Amino acid sequence: MSERASALARRLEQGADALIAVATELTEAEWKTRIPRDGRKIGVVVHHVAFMYPLEIQLAQLLAKGEPVAGVTSATVDEINAKHAKDHDGVTKMEALEALRRNSAAAAAAIRALSDEELDRAAPLSLNANAPLTCQFMLEDHAVRHSYHHTARILDAVQETMLGLRRAG
C-alpha cells in the first residue's frame, strides 16, 4: 500500500470523524438551521458530504487512469447540490450520520487502493478549466477537504445563530 495514499485516506477519515462529532452534538433546532450565504440546512449539508464522496472518488479514479474528466463544471456541481438539497430537505440525523460513516469508509478504502503512480497521473479536469491535474490534487481539493470545509461552515453557522439569539434575548 502506498504511504501517500494511506496518509490521504487518514486525512479524509479524520475530517469525516470531526464532522460526525460536530453533527452528533447538534440539537434538532441546529440541525435545521440554514447556513448563511449557502441556504441549505445544516443537516442537509452533513448528508451532502456523504452523498458527494462516491462522485468525488469516481472522478479521482478517472484521473488515476489518465482519463480526462469532461462535462463537470461548477454549474453542474451547483445543479447536483440544488437537487440534493431539495431531495433530502428532511434528512434525519441518523440517516445522514450513517451515510457519512458508510461513504467515508468506502472513500478511504478507495484511496488506499491507489498507487503512487496513480496519485501522480494527470489528465484534463473540466471542473478546473480543463487544466491537467493529478488524481492526488483532485482528492485533496475535493474528497479530503470536503468535510473540513463544511465542518467549519457549520460551526460558524451555529455560532452566528447563538450570537443572534443572545442579542435578541
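Just so it is clear, none of the values below were taken in a lab; they were calculated from the coordinates. Because the structure is a prediction, the values reported are computed rather than measured. Because the Cβ atoms are built from the backbone with ideal geometry, glycine has one as well, and the counts that use them run over all protein chains shown.
Here are the numbers for the structure shown:
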read-out	value
Linear extension gain, residue 7 paired with residue 24, 0.36 nm per residue minus alpha-carbon span	3.6 nm
DSSP H segments from the chain that extend 15 Å or more along their own axis, Cα-based, with Kyte-Doolittle mean of 1.0 or above	42-64
Projected label distance in nm at residue 131 and residue 65, using a 7 Å step from Cα toward the beta-carbon	2.5
Residue 145 versus residue 73: modelled label distance in nm, points set 7 Å from Cα along the beta carbon direction	2.1
Range of Cα positions in the range 26-169 per principal axis (Å), largest first	57, 29, 25
